[in-house]
Amino acid sequence: PAGRRPCRMTESLSRPASYPDQFQALRRNGGADVPPWFRDLGDRAWSSFTQLGFPTARRGNEKWKYTNVSPIARAAFSYSGDLEPDGAITAAGLKRIAFWNNRWVSLVFVDGKFSKTLSSAPGTAGDVRVTSLAEVVRNGGRAVEQHLAKHASFDEDGFTALNTAFLRDGAFVQASGGRDTGATVHLVYVTTERAQPRVTYPRTLVVAGPNAALTLVETYVGRSDAQYF
């Protein structure tokens, strides 16, 4: 809020050395295929995260005062925006570890990236459009530009700021029929086992018109007991 100084946490909690390095690497090696507004959004979110840090216990932090996030803040998670999804995951293997219904429209993301081979064919199901967020951004989707990060604000929440700064992909769901579509959309976010603990930054953006309704199911699953964020 205007007039109040941001609360700066200690360096070990709010800004682990890996995050600035990873963000600079992302800016050097990626982003050529995204529009300027999307790149600017990430820059502003990163600036916000450097001010906010993670929401560790402090006076006035009502949303997180009963949750100790220091283990997350102290951990070192590796990140690579251009890491290819793990090809070892099969549709049959996925159904063994994630809740699944063949009648649903399902989009699967592996290590933060959309997997076309594991997903139902993206497109339109009745009055609902379901597709990769990255694909819509690359093609100049006006609805994404209008709504992305406008409702999940990164001005006061460190987790949202970090996610927005590194955002590359996720799910875009648009229901514009003005009625209950009867559709069930299943979004599956899978984290695979890697040599080092990893972080991924998927985002779900749902845009629903007046009186529109659908059922949205989100599943987050890891393939092992390895640490991930």
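The values are calculated or read from the model by the stated rules, or taken from the named source; none is laboratory data. Since the structure is predicted, the reported quantities are computational estimates derived from the model, not experimental observations. FYI the Cβ positions are ideal-geometry reconstructions off the backbone, even for glycines, and counts take in every protein chain you see. Surface accessibility is based on the protein's heavy atoms, side chains included, excluding ligands, DNA and RNA. Shrake-Rupley method; radii C 1.70, N 1.55, O 1.52, S 1.80 Å.
Considered as a group, the residues in segment 8-51 that are part of a loop (DSSP other than H, G, I, E, B) and open to solvent by less than 70 Å² (accessible area, probe 1.4 Å) include one that is modelled with the highest pLDDT, and that residue is 35. Among the residues of segment 109-138, those identified as farther than 24 Å from residue 88 by Cβ, among the hydrophobic types (A, V, I, L, M, F, W, C) and at pLDDT below 90 are 125, 128. Evaluated against (1) surrounded by 14 or more Cβ atoms within 10 Å (Cβ to Cβ); (2) of a type in the set (Val, Ile, Thr); (3) assigned to a strand (DSSP E or B), residue 200 falls short on exactly one condition, (3). Being open to solvent by 20 Å² or more (accessible area, probe 1.4 Å) and touching a residue at least 24 places away in the same chain (Cβ under 8 Å) is the filter here; which residues of segment 186-197 pass it? Once the filter is applied, which keeps residues that are open to solvent by 20 Å² or more (accessible area, probe 1.4 Å) and touching a residue at least 24 places away in the same chain (Cβ under 8 Å), segment 186-197 yields 193, 194, 196, 197.
When residues in segment 52-108 are screened for being more than 20 Å from residue 188 (Cα to Cα), modelled with pLDDT of 85 or more, open to solvent by 80 Å² or more (accessible area, probe 1.4 Å) and not in a loop (DSSP other than H, G, I, E, B), 2 of them pass.
Of the residues 115, 120, the single one that is within 21 Å of residue 221 (Cα to Cα), surrounded by fewer than 21 Cβ atoms within 10 Å (Cβ to Cβ) and touching a Phe, Trp or Tyr at 6+ places or on another chain (Cβ under 7 Å) is 115. Considering every residue within segment 170-193, establish whether at least one is part of a loop (DSSP other than H, G, I, E, B) and under 13 Å from the mean Cα position of the chain (by Cα). No, because not a single residue in segment 170-193 is part of a loop (DSSP other than H, G, I, E, B) and under 13 Å from the mean Cα position of the chain (by Cα).
From (1) touching a Phe, Trp or Tyr at 6+ places or on another chain (Cβ under 9 Å); (2) open to solvent by 50 Å² or more (accessible area, probe 1.4 Å), pick out the condition that doesn't hold for residue 150. Condition (1) is where residue 150 drops out. Test residue 158 against the stated conditions and say whether it is on the phi > 0 side of the Ramachandran plot, at pLDDT 90 or above and crowded, with 20+ Cβ neighbours inside 10 Å. The answer is no for residue 158. Taken over segment 169-185, residues that are buried (at least 23 other Cβ atoms within 10 Å of the Cβ) and either of a type in the set (Ser, Thr, Tyr) or in contact (Cβ under 8 Å) with a residue 60 or more places away in the chain (or both) amount to 3. Can you say whether residue 173 is farther than 25 Å from residue 69 by Cα, out of contact with any helix residue (DSSP H, G or I) (no Cβ under 9 Å at 6 or more places or on another chain) and of a type in the set (Val, Ile, Thr), as far as the supplied structure shows? Taking the combined requirement at face value, the residue satisfies it. Pairs are defined by a Cβ separation below 8 Å, a sequence spacing of at least 6 or placement on different chains, a first member in segment 127-154 that is within 24 Å of residue 180 (Cβ to Cβ), and a second member that is open to solvent by 60 Å² or more (accessible area, probe 1.4 Å) and not hydrophobic (A, V, I, L, M, F, W, C); the pairs so defined are 127/176; 127/179; 129/176; 130/124.
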